[in-house]
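Scroll down for the structure; my scribbles are underneath it.
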Amino acid sequence: MSLDLLTVAAYIGAMLWLGWLGMRRASDREQYLVAGRNLGPVMYMGTMAATVLGGASTVGTVRLGYVYGISGFWLCAALGSGIVVLNLFLAKPLLRLRVFTVTQVLERRYHPLARKASALVMLSYALMICVTSVLAIGTVMQVLFELPFWLAVVIGGGVVVIYSAIGGMWSLTLTDIVQFVIKTVGLMLVLLPICLWRAGGWEQLAVRLPASAFSFEGLGWGTVLTYFLIYFFGILIGQDVWQRVFTARDDKVARYAGSAAGLYCLLYGLVCALIGMAARVVLPELENPNNAFAAVVKGVLPDGVRGLVIAAALAAMMSTASAALLAASTTLTEDLLPGGGAGLRRNRAATLLAGALVLLLAMRVNDVIQALTLAYNLLVGSMLVPLLAAICWPRATTAGAVGAMLGGLSAAVFFMLRDGLDANTPIYFSLLTSAGLMLAFSLADGRARPRPARE
């Protein structure tokens, strides 16, 4: 494993160096938070894809492929579809606003109270997204290098916190491009072919796996629908993704490069599901499917090559973790703390504070898919209806928006506690509750307001 350790150490050193280069470019608040709003198509496509495809998309989809087969790809399909729709239809109006956070859009339509309420939800979402990726980083490093879990989290997550804090969006952009290349080569061009070869090729997969593993219905259409309700709509309203949209030079860059990133996500999902299927053939008695990715990397790859694939996995996880971490600190400084936009020193301090909280939370959570589901249940259940109403319904009011947020959030938490994180009920009932309260409070608030006197 010494060669693998050297490879991973070189990768981590490169990330810290790129973070330092980003620090030199992050000369003011706009450069730190949105890279000066000046990214071209290549950098935008790479950073958008890297943001979405993280620990849950990699480790989680391999686990789904191990358990369910090719239908595990639906998780990444939901994420990729959201990226395409966001960049085709919403990026242009968003770029015109020249804001930093999702919640600033709500404030323009409703009232500052709506911004504060939604910022708390967005902060919780961003922190949990970061936790999922840091958790995945810790899991992979623990299995492969036989480290204590807490130490794996501190090392892997600590690197993310450091380069994110010092350089902001420029550090994230530079590291994302390298991470995008590494994970494309490592997973698609190295790990997948070797896994299929060790499994005996496609013919052996067909012989040794059940027929359900080759069906896109294997997950169950109810679960697929839930994935789209949670992840597709979550992409449309997530601060981490919107903040990437704000970096585009113009709407044409966002439309074409963003759509390419979405299509890449679909391909990535298929690759990870196939890796999981091959892992089930090679390692049929695996005790914990959550470790399928790390186990197959450790079991089928030779020294050196293994290190490259580990770096590819870490690249996927770190890119999402850093995006969510910056989203959390941006929400904190721009929306929640008094005196928003106070400068780089406060931005960096907030990123370090959020990063420390993420490391602590990552040591308490043990399932990347469940952590991701928790984050998106909170986000979509409470924020989707107010945001859609802000755009599409002129009669929506601040009372309706705040009621919808709090009601949807409460319903999501209640049903997650009652039925579990894997249940479909949290997202269904939170959306129904949010929509009902938006309608009721807005109509009541509208009737209570006196009509303007006629001239």
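The values are calculated or read from the model by the stated rules, or taken from the named source; none is laboratory data. What you see is a predicted model, and the numbers here were worked out from it, not measured in a lab. For neighbour counting, all protein chains shown are included, and Cβ atoms are generated from backbone atoms with ideal geometry for every residue, glycine included. Ligands, DNA and RNA are excluded from the accessible area calculation, which covers all protein heavy atoms including side chains. Shrake-Rupley method; radii C 1.70, N 1.55, O 1.52, S 1.80 Å.
For this structure, a couple of remarks:
- Value of Rg to Rh for region 31-182 (Rh from inverse mean 1/r over Cα pairs, i.e. Kirkwood): 0.99
- Most to least accessible of GLU203, GLU107 (protein chains only, probe 1.4 Å): GLU203, GLU107
- Sites SER27 and ARG208 - FRET efficiency at Förster radius 60 Å, r taken between beta-carbons, to 0.05: 0.60
- For the chain, the mean residue ellipticity at 222 nm estimated from helices alone is -24500 deg cm²/dmol, where every DSSP H run of n ≥ 4 contributes -39500 (n - 2.57) and the total is divided by all residues, rounded to the nearest 500.
- Within the accessible area of the chain (1.4 Å probe), percent carbon and sulfur: 66
- Solvent-accessible surface of the chain, averaged per residue with a 1.4 angstrom probe and all protein chains in place: 38 square angstrom.
- Accessible surface ranking that places the most exposed of VAL385, VAL207 first, with a 1.4 angstrom probe: VAL207, VAL385
- With 0.36 nm allotted per residue and the present C-alpha distance subtracted, the LYS92-VAL365 stretch has 94.5 nm of extension available.
- Taking all protein chains as they are arranged and a probe of 1.4 Å, the heavy atoms of LEU301 leave approximately 10 Å² accessible to solvent.
- Highest to lowest packing among 248-256, 42-50, 224-232, scored as the average C-beta count within 10 Å: 42-50, 224-232, 248-256
- Each Cα pair under 8 Å and six or more residues apart adds its sequence gap; the mean of these over the residue count of region 8-125 is a relative contact order of 12 percent.
- Taken over the chain, the convex hull of the Cα atoms encloses 133 Å³ per residue.
- J(HN,Hα) series, region 141-156, from Karplus relation 6.51 cos²θ - 1.76 cosθ + 1.60, nearest Hz, glycine and proline x: 5, 5, 5, 6, 10, 6, 9, x, 4, 4, 5, 4, 5, 5, 5, x
- Residues with amide H under 5 Å from that of ALA248, placed H, sequence gap 5 or more: LEU39
- Span per principal axis, largest first, for the Cα atoms of region 303-451 (Å): 73, 42, 26
- Neighbour net charge for LEU301 - beta-carbon separation under 12 angstrom, K R +1, D E -1: +1
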